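These notes concern the structure reproduced below.
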Amino acid sequence: MIEVKHVTRTYGKKQNAFKALDDITFTIPDGASVAIIGKSGSGKSTLMHTMSGLDHPEVGEVIIDGEDILKLKQKEVDSFRSRKMSFIFQSFFIQPNETCFDNVSLPLEIANVPLSVRHEKVEQALAAVELLDKKKSRARDLSGGQKQRLAVARAIVNDPQVLFADEPTGNLDSVTGEVVEDLLFGYNKQHGATLIIVTHDPDLAAKCDIQIQIKDGNLESIIGLTPQAALGDQL
């Protein structure tokens, strides 16, 4: 379960202050697929970064599995993230000069997974996205769709409990985008992982169990849960 409680994030100071998130509170049950939707500048990416500990609000709590990650020291947050979370971004953020195998292996190296275990896990992840035949190829030689599938393989190789995806199909054509969507929702269902997608695409959002609408830093609506379930013990 992910509990976001009274999160407020402000950038700038005094007359230049800008409130990116304003007293945001909701609860996400384990295994749900969630779309965070809103226009550009609405605060949806800031919310994702806050929920994952990549950004730190001045007010609020983000409780995952009963632990407030905002109270952890930086090394503890990094360790928590490497064990329980993974990320997929619109711009891929893969290492172009490394092989597909080495790209996918990186999270396992960071998590100090034994070398004897890595090989099998990497091949399983590449097979899941149908890139096993490309394991020795340089990432720069892949097509855009293949690069995003590689990013998915890298994200799922360490079996994350929470998978964050920021505009994961934004740079892809519709056919390739559907392939990536199927991979994400497939992982969500098969592994019982929580999938959180930041998107402005209403069709993608409609495929999720829950839709969280953000507007000007405010929580405008939650679709897919009763207010009691969405707000948890805040009512």
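The values are calculated or read from the model by the stated rules, or taken from the named source; none is laboratory data. Being a predicted model, the structure only gives us computed values, none of them experimental. Ideal geometry is used to build each Cβ from the backbone, glycine not excepted, and the neighbour counts take in all protein chains shown.
When His56 is tested against (1) more than 13 Å from the chain's Cα centre (by Cα); (2) surrounded by 15 or more Cβ atoms within 10 Å (Cβ to Cβ); (3) more than 18 Å from Asp216 (Cβ to Cβ), exactly one condition is not met: (2). Residue count for the stretch 163-179 satisfying the condition of being within 14 Å of the chain's Cα centre (by Cα) and surrounded by fewer than 21 Cβ atoms within 10 Å (Cβ to Cβ): 2. Filtered by the rule that a residue be more than 20 Å from Arg140 (Cβ to Cβ) and among the β-branched types (Val, Ile, Thr), the stretch 73-126 gives Val77, Ile110, Val113, Val117. Does Asp216 satisfy the condition of being under 19 Å from Ile64 (Cβ atoms), modelled with pLDDT under 95 and either among the small types (Gly, Ala, Ser) or in contact with a Ser or Thr (Cβ under 9 Å, 6 or more places away or on another chain) (or both)? The answer is no for Asp216.
Please pick out the residue among Asn171, Asn158 that is polar (S, T, N, Q), out of contact with any strand residue (DSSP E or B) (no Cβ under 6 Å at 6 or more places or on another chain), closer than 14 Å to Gln90 by Cα and in a loop (DSSP other than H, G, I, E, B).
On the way: Asn158 fails: closer than 14 Å to Gln90 by Cα.
The unique qualifying residue is Asn171.
Here Glu120 passes the criteria (1) at positive phi; (2) assigned to a helix (DSSP H, G or I); (3) acidic (Asp, Glu) except the one numbered (1). Screening Ser86, Ser42 for residues that are polar (S, T, N, Q), touching a Phe, Trp or Tyr at 6+ places or on another chain (Cβ under 8 Å) and either part of a helix (DSSP H, G or I) or surrounded by 20 or more Cβ atoms within 10 Å (Cβ to Cβ) (or both) leaves exactly one candidate, Ser86.
Identify, please: which residue in the stretch 9-39 is hydroxyl-bearing (Ser, Thr, Tyr) and closer than 18 Å to Glu61 by Cβ and is, among those, surrounded by the fewest Cβ atoms within 10 Å (Cβ to Cβ)? Please lay out each step first, then the result.
Step one: list which residues in the stretch 9-39 are hydroxyl-bearing (Ser, Thr, Tyr), which gives 10-11, 25, 27, 33.
Of the ones still in play, those that are also closer than 18 Å to Glu61 by Cβ are 10, 25, 27.
Working: Thr10: 15, Thr25: 18, Thr27: 20.
In this case the residue turns out to be Thr10.
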